[in-house]
Amino acid sequence: MPSPQPTHLSVPGVTQHRVLREESGYVAPKFEGKEQQMEEVMDQVEEKGFIPPDFVESETRWFYSELGIDDMYFSTETVEAIVAHIHSLYAAKIAAYARDDKRLEIRLDKEAVDHAVYIDTSKPGVTVMNGPGYEQRIDEKYLNSSTNSSSYRVETFRSDSLLPGGQEQQLRCYFVYKCDFANSSPGSSESRLEQVGEKRFLQKATKNTKDIYQQVLEKVVTRTGPVIEMFDIEGSREKRLVIAYRQGSALGLFSALSDLYHYYGLTSSRKYVEQFSNGYTIVSLYLKPVPGSITMARYPPIEASIHQIMKEISLLYCIPQNKFQAHFATGRLSLQETIYAHCVWVFVGHFLNRLGSEYTTLASVLDSSNSVHAELLSKLKRRLRTETFTADYILEIINQYPDLIRSLYLTFANAHYVQTRGEADDFLPTLSYLRLKVDKVLTDAELGELVSKSAANEHHVMVMTAFRVFNTSILKTNFYTPTKVALSFRLNPGFLPPDEYPQPLFGMFLVISSEF
């Protein structure tokens, strides 16, 4: 009996998922010289004398066998590079032993012209704010700049075994390779996988993975936004999430996805970023619950988490790295709350009435037909607008009030969140919908009182009150639409001061994306 085909988020209602009968969608070609290479590595490690002779074999075999590194790495790296990596990991163990808390902290980065390796200690489901930021580095150095002629693929996975020290830590390994499209046609609109696939990907991907990617590619080339699909893995609680989008259209998405699934109590065992010569990127995530999260009240079942993540990836795609990302990464605010705050920050920057009543009084006294008076008013207006509330100052103010943001967002969500048919009937409701049923939604008057009590001074009151203006002015938005490439708000222009905008507007739209 054939498995049901998956549906992506452009289809409303119940989402069905295909069941995969393989745990891994990649199998590296066997490296026949691996044993001989390991012997050479041991010889060089012993020759250098940094690791005691009694530990040379155990440390080398641990590196080769326990970290889950596949044969592609060993066939690519030189013996000298592998020796350097083993030395770095051993040095980290020594440093941990010297610490009072015995905390094992391994951080390794090696960058070459055509590839890079990053290894870091990682606690499943936790974003480390003061860590090395390897995922952000991979985004900025390799993925954001990927083009048809120069692009990079990424493989990352965590070790199966826990590190010593009782900190519930594992090693997270990242491998970045420059793409080799020797057998494809860069810039081609072709969507056949064998014609546009990268050499290493075609060598390692299983037939099942190639079939999935082929179907996803055929869908994404006909659309402007991303394609998002989920697959169950037979006999496992792990889910495979596949996201396809146009190359360069979502800068910073790779690292932002980690913050998203961490927020919902999930961790990844493996992640892959594949580039195709026809200008598209496919990200594949293998997600499962964080150990112990099943019994924690904060986290929903994995099915609900995955459902919400699929909903929010389309939001993340529009603005992968918003101005309030730190609140999201630490779990203080949700993705929806931070992107909502980002949009209001843009709104405030454009439309906060910085001139005040004093300027209006002065303008009424002066003669606008007098060129000297007109120039004075123009200069004063420009200075008040640029110097009183800069974008950074507005950002600084908003950042101080995450709890206010949450309350203001709930009012926005209550007005514009639309429950889909699937949520209303027999499918899992999204967490957005559940929160509206649990948390108290304040009226505009109650929000006004809350802002007055919470804000530290007059400037802060002005900025946070602008959130209320934004909320009450929105006529329509695609914020909760599952497929979009930018966020759009149709606004009632009634909030605009008549002296600044004397000509009434017929319509007013605010459109925001990561690049504009």
Of the listed pairs LYS207/LYS323; LYS178/LYS207; LYS204/LYS323, those with alpha carbons more than 32 Å apart are LYS207/LYS323; LYS204/LYS323
Accessible area per residue in Å² at 1.4 Å probe, computed on region 39-184: 47
Only loop residues by DSSP count here, and only those with at most 14 other Cβ atoms within 10 Å; note down the GluC sites (Glu not before Pro) in region 27-134 that meet that. GLU32, GLU66
Quick one: ranking ASP160, ASP367 by accessible area, 1.4 Å probe, largest first, what do you get? ASP160, ASP367
Leaving out ligands and nucleic acids, note down the accessible area per residue over region 188-254 with a 1.4 angstrom probe, in whole Å². 38
How much solvent-accessible surface does VAL461 expose, in Å² to the nearest 10, with a 1.4 Å probe and all protein chains in place? 50
Take the residue pairs LYS199/LYS219; LYS110/LYS239; LYS123/LYS199; LYS30/LYS219 and return only those whose Cα atoms are more than 28 Å apart. LYS110/LYS239; LYS123/LYS199; LYS30/LYS219
Sparse-neighbour loop sites [GluC sites (Glu not before Pro); region 181-274; at most 13 other C-beta within 10 Å; DSSP]: GLU234
Net charge of Cβ neighbours under 13 Å - reference ARG468; Lys, Arg +1; Asp, Glu -1: -3
Return the carbon/sulfur percentage of the accessible area of region 224-322, one whole number, probe 1.4 Å, all protein chains in place. 55
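The values are calculated or read from the model by the stated rules, or taken from the named source; none is laboratory data. Predicted model only: the values in this text are computed from it and were never measured. Using ideal geometry, Cβ is built from the backbone for each residue, glycine included, and neighbour counts are taken over all protein chains shown. Only protein heavy atoms, including side chains, enter the accessible area calculation; ligands, DNA and RNA are left aside. Shrake-Rupley method; radii C 1.70, N 1.55, O 1.52, S 1.80 Å.
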